[in-house]
Amino acid sequence: MISRRASVARWLESNVVCRLKEQCCSEYDNWSKHDLSNKHLVYSWAGGIHGKARLEDDANKKQCFLVMTGMTSE
């Protein structure tokens, strides 16, 4: 039986992380091109997440994520 830690470690292999990062960047690029000026937002929320992951390079040691969501009247 594979331990839980070993199965989680498989998901964190560098090639998996790189592929997921590339996919996320591509999805963001596509999303950021959408014109939202004609949308009527009835609810919006924004929040930040400060991750304490051990990042190796100095530029990313203080990484945080901005999460935004909104609801339209449709």
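The values are calculated or read from the model by the stated rules, or taken from the named source; none is laboratory data. Just so it is clear, the model here is predicted, and its values are computed rather than measured. When we count neighbours, we look across all protein chains shown, and the Cβ atoms used for this are built from the backbone with ideal geometry, even at glycine.
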*Do you know which of the residues in the range 1-33 that are modelled with pLDDT under 85 and assigned to a loop (DSSP other than H, G, I, E, B) is nearest to Thr69 (Cα to Cα)?*
Leu12
_Would you confirm, using the coordinates I've provided, whether Leu55 is surrounded by 10 or more Cβ atoms within 10 Å (Cβ to Cβ) and either touching an Asp or Glu at 6+ places or on another chain (Cβ under 8 Å) or at pLDDT below 65 (or both)?_
yes
*Among residues of the range 41-52, those that are surrounded by fewer than 10 Cβ atoms within 10 Å (Cβ to Cβ) and either outside any strand (DSSP E or B) or modelled with pLDDT under 85 (or both), counted*: 4
